[in-house]
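Novice: Attaching a single structure in structure tokens format; questions to follow.
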Amino acid sequence: FVLPTYVHFNAQQATIGAGSSVTTQKGFNVDGSLTGATNNYGFYGGIASGTGRYNLYMAGTAANYLAGTLTAIGGISGGTF
């Protein structure tokens, strides 16, 4: 069979009652306590390089925010960006 798209995890807006107020929504959250191992990853992508493969793909038009040190961008590594 042909399956055009297979989504393993999906977060979408649910109905929020009239008069309700939500301050923050998170589609995926990793708590700060996830530190008990030798190596701890909030998100780990292990996809090998190839056409149409991305470990991180952000298609939205909203700004992106990364706090802390970013250790590499496309072939550039080391230092703070």
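The values are calculated or read from the model by the stated rules, or taken from the named source; none is laboratory data. Note that the structure is predicted; figures quoted are calculated from it, not measured. Please note: Cβ atoms are built from the backbone with ideal geometry, for glycine as well, and neighbour counts cover all protein chains shown. Just the protein is used for accessible areas: all its heavy atoms, side chains included, with ligands, DNA and RNA removed. Shrake-Rupley method; radii C 1.70, N 1.55, O 1.52, S 1.80 Å.
Novice: Pulled fully out, how much extra length does the chain show between residue 11 and residue 37, if you take 0.36 nm times their separation in residues and subtract their Cα-Cα distance?
Specialist: Length difference between fully extended and current span is 6.6 nm.
Novice: Got a sec to turn the phi values of segment 41-50 into Karplus ³J(HN,Hα) couplings, 6.51 cos²θ - 1.76 cosθ + 1.60 with θ = phi - 60°, whole Hz, x for Gly and Pro?
Specialist: 10, x, 9, 10, x, x, 6, 5, 5, x
Novice: Rounded to two decimals, what is the ratio between the C-alpha radius of gyration of the chain and 2.2 N^0.38 Å?
Specialist: Normalised by 2.2 N^0.38 Å, the Cα Rg of the chain equals 1.49.
Novice: At 1.4 Å probe size, with every protein chain present, just tell me what the per residue accessible area of the chain comes to in Å².
Specialist: The answer is 98 Å² per residue.
Novice: A further question on this structure: Once R0 is set to 25 Å, what does the formula 1/(1 + (r/R0)^6) return for the Cβ-Cβ distance between residue 23 and residue 59, expressed as a FRET efficiency to the nearest 0.05? The partial results should precede the final answer.
Specialist: Details: r = 26 Å, r/R0 = 1.02.
Working from the Cβ atoms, E equals 0.45.
Novice: Now for a different question. Quantify, in whole percent, the carbon and sulfur part of the accessible surface of the chain (1.4 Å probe; protein heavy atoms only).
Specialist: 54
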